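The next block holds one structure in the form of structure tokens; read it before the comments.
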Amino acid sequence: MIFGTHQAIWFYQWPIDFRRQIDGLSVLVADKLALDPLSGQLFIFRNRQANKLKFLWWDNNGFWLCYKRIEKGRFKLPSQEDTTLSLCKDQLNVLLAGLDFTQKGYFDAVTAKHFY
């Protein structure tokens, strides 16, 4: 992926109007999520049919707007309980592969304190 390796990844669970572009998505991030669209974090949005995703990302001097459409089937998405979910890189890769990223089985992040 072209996105940085350490920024937070946010998945907005409610379907959006896919006619929205950078400005409309930036307003949604600021108003609905109360987050800064210029923070360098990655924001992911879905359509109603769950076959398209849009990615909004700021990279120091401009926005990236990326779009993924799968031709057959749908993305495996969680039920719409919360407005947003925080994803890790592994979950993002699983989502983009069309698999269920909410399944357990991913390793938790470990911070090493002792080296032998």
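Every residue, every condition in (1) in a loop (DSSP other than H, G, I, E, B); (2) in contact with a Pro (Cβ under 7 Å, 6 or more places away or on another chain); (3) among the charged types (D, E, K, R), yes or no:
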residue: Arg20; (1), (2), (3): yes, no, yes
residue: Gly24; (1), (2), (3): no, no, no
residue: Ala30; (1), (2), (3): no, yes, no
residue: Ala34; (1), (2), (3): yes, no, no
residue: Pro37; (1), (2), (3): yes, no, no
residue: Ile44; (1), (2), (3): no, no, no
residue: Ala50; (1), (2), (3): yes, no, no
residue: Trp57; (1), (2), (3): no, no, no
- Query: Hey, Gln21 hits all of (1) of a type outside the set (Ser, Thr, Tyr); (2) out of contact with any helix residue (DSSP H, G or I) (no Cβ under 8 Å at 6 or more places or on another chain); (3) surrounded by 15 or more Cβ atoms within 10 Å (Cβ to Cβ); (4) modelled with pLDDT of 95 or more but one; which does it fall short on?
  - Reply: (3)
- Query: Hey, among Ser79, Ser86, which residue is out of contact with any Gly (no Cβ under 8 Å at 6 or more places or on another chain), polar (S, T, N, Q) and in a strand (DSSP E or B)?
  - Reply: Ser86
- Query: What are the pairs, 6+ residues apart or on separate chains, where a residue within the stretch 87-101 that is closer than 15 Å to Arg69 by Cα has its Cβ under 8 Å from a residue that is loosely packed, with under 15 Cβ neighbours inside 10 Å and β-branched (Val, Ile, Thr)?
  - Reply: Gly98/Ile70
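The values are calculated or read from the model by the stated rules, or taken from the named source; none is laboratory data. Worth saying up front: this structure is predicted, and the values here are computed from it rather than measured. Glycine gets a Cβ as well: all are built from the backbone with ideal geometry, and neighbour counts include every protein chain shown.
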